[in-house]
Amino acid sequence: MAELPTLDPAPASPGGTIVVLEAEGGSDKKADGHRGDTIPICNAIIAGGWNAYPVFYSDAKYDELMESLSKVQGVIPRVNPGTYDGVTNSKLNQLQADLSAKGVKLMSHPDVRTKMGAKDALVKIRELSCGMHDTYAYYDIETFKKTFPGSMATGPRVLKQNRGSQGEGIWIAKLKDDVYPGGELPLDTTLYLMEAVDNHTEEKPIGEFMTFCEQYIIGDEGQLIDQRFLPRIVEGEIRVNMIFDEPTEIIHKKPAEGGLSATLASGAIYTSYAPDAPEFTKLMDNFMKKDLPAIMPALGMDTEPVPLIWTSDFILGPKDEDGADSYFVGEFNCSCVGITQQLHLAPKVGLAAIKVCGGSA
C-alpha cells in the first residue's frame, strides 16, 4: 500500500493562510481520515509560500471555527454532498457564507455551488454561445403542465431533474411517429421515452408522463429543465476539467453502442485529450474567450470567481455552414470535484488558491 502524504512544515514567513475544510467520515476518505487530495493541495499551497492545513467541521465546533477561520485569508470547502454525523449542511453553508461576508475568500462560496450546480444554470446561460436559447425551467407543476405540451410539439426534448446523478431523472422524449406539428399536443399523444441512467425505454401518453414528472418539481430544490434534444449526443459528451480559469483536460465520453448515456455505469468509453488538442480548438476558443468571462455574471454572481475545481460538460450541436462543430453546455459540476486520481494537478490548485486570495507564488 502506498504511503499516505503528510503535511509539510509551514513557511517561516507565510504570505497568508488557506484552510481546507472537510467533514469526518464518508466514503471519500483515506486511512488518515482525509480526502486523498487534501494533504497534496495543502502542501502545494505551502510550496507556494503560504500556510495551509486541513480542518474538520462539525456543528459542535461552529463557534470555534467561526472565530479561528475568520482570521485566515481563504477556505477551500471539500465536503461531498451527503450525510455526515454531527454535520447539518445548512449550518455548514451558513458558516461559509458568514466567513465570506467577513472577507475570507471561499473557494467556492456555497451560493456558487448551489447556483452553478443547479440544472437551471442552463436557462441562465442560454444567451451565451455555449447555451441553447430554447431552454426552460419549471419550478411549479402548473407552469410545467401548461408549457410542456407546446414545447414538446416543436421537436424532441430532454427533461432534467435538479436532483439525482448518473443520469437518473434525465429523460429524452420524442413523439412515436417523430412528426412534430407545432402548436400544443393533446394529452393522449404517445411519447417515446429513454432515461439516461440506464438507457431503458418506455412509452407513455404525455399527460401521464407529466404527472410522473411532478416528483421532480415537488420538494426542496425541485425544478425541471426542458431543453431541445441534440441528436449528436450519440457521439458522446465532451467534459472540460478546469482548475480555476485554466483548463487541464478534455474527456470525450462516448456512449455504449445504441445508447445515449455517457456514464461509466452505462458502459460509456472515456478518452482523454490535452486542453490544446486540435480536435477541440473551436470549443476551447469559444469557451475560454467568449463564455468563461460571462458565466458568473449570467448566473447572477458577478462578484464571485469561478470555482477552484470544476467541470463543464458539452454536447455536440449541429455543424455550421462551414462544417465546423458547435457545442452546448449540458451541465456544470462544482460541488466537490476531486483530483485524487490526478494528484499531479495539486500544484495548479495551490497556485490558483493563492491567486484567488490576492497573493502571488
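The values are calculated or read from the model by the stated rules, or taken from the named source; none is laboratory data. In this text the structure is predicted, and so the values were computed from the model without any measurement. Cβ: placed from backbone, ideal geometry, glycine included. Neighbour counts: every protein chain shown.
The helices (runs of 4 or more DSSP H) found entirely in segment 23-116 that carry 3 or more residues being among the aliphatic types (A, V, I, L, M) and within 19 Å of PRO11 (Cα to Cα) are 38-47. The set of residues from segment 194-235 being without any contact (Cβ under 8 Å) to a residue 40 or more places away in the chain and either of a type in the set (Val, Ile, Thr) or farther than 20 Å from ILE141 by Cα (or both) comprises GLU195, HIS200, THR201, GLU202, GLU203, THR211, VAL234. Note on segment 275-357: enclosed helices (runs of 4 or more DSSP H) holding 1 or more residues that are more than 18 Å from LEU122 (Cα to Cα) and β-branched (Val, Ile, Thr) are 281-285, 346-356.
Out of (1) among the β-branched types (Val, Ile, Thr); (2) surrounded by fewer than 14 Cβ atoms within 10 Å (Cβ to Cβ); (3) in contact (Cβ under 8 Å) with a residue 60 or more places away in the chain, the odd one out for VAL306 is which? Of the numbered conditions (1) among the β-branched types (Val, Ile, Thr); (2) surrounded by fewer than 14 Cβ atoms within 10 Å (Cβ to Cβ); (3) in contact (Cβ under 8 Å) with a residue 60 or more places away in the chain, the odd one out for VAL306 is (2). Flag: LYS160 does not match the condition of being of a type in the set (D, E, K, R), touching a Gly at 6+ places or on another chain (Cβ under 9 Å), in the same structural domain as GLY219 (by TED's automatic domain parsing) and modelled with pLDDT of 95 or more.
Cβ-Cβ contacts under 8 Å between residues 6 or more apart (or on different chains), taken from a first residue in segment 43-67 that is without any contact (Cβ under 8 Å) to a residue 24 or more places away in the chain and assigned by TED's automatic domain parsing to the domain that holds GLY26 to a second residue that is part of a helix (DSSP H, G or I) and of a type outside the set (Phe, Trp, Tyr), are absent.
So is VAL55 within 14 Å of LEU99 (Cα to Cα), at pLDDT 95 or above and of a type outside the set (Gly, Ala, Ser) or not? It is false that VAL55 is within 14 Å of LEU99 (Cα to Cα), at pLDDT 95 or above and of a type outside the set (Gly, Ala, Ser).
Taking segment 138-162 as the range and being aliphatic (A, V, I, L, M) and crowded, with 19+ Cβ neighbours inside 10 Å as the test, the residues that pass are MET152, VAL158, LEU159. For segment 316-335, indicate whether the set of residues that are modelled with pLDDT under 90, farther than 27 Å from GLN73 by Cβ, surrounded by fewer than 18 Cβ atoms within 10 Å (Cβ to Cβ) and not charged (D, E, K, R) is non-empty. Yes, because at least one residue in segment 316-335 is modelled with pLDDT under 90, farther than 27 Å from GLN73 by Cβ, surrounded by fewer than 18 Cβ atoms within 10 Å (Cβ to Cβ) and not charged (D, E, K, R). Annotation: MET288 fulfils all but one of (1) at pLDDT below 90; (2) under 22 Å from ILE354 (Cβ atoms); the unmet one is (1). Does VAL197 satisfy the condition of being more than 20 Å from the chain's Cα centre (by Cα), within 26 Å of ALA118 (Cα to Cα) and not basic (Lys, Arg)? The answer is no for VAL197. Taking the numbered list (1) under 29 Å from VAL75 (Cα atoms); (2) surrounded by fewer than 19 Cβ atoms within 10 Å (Cβ to Cβ) in turn, SER272 passes all entries but (1).
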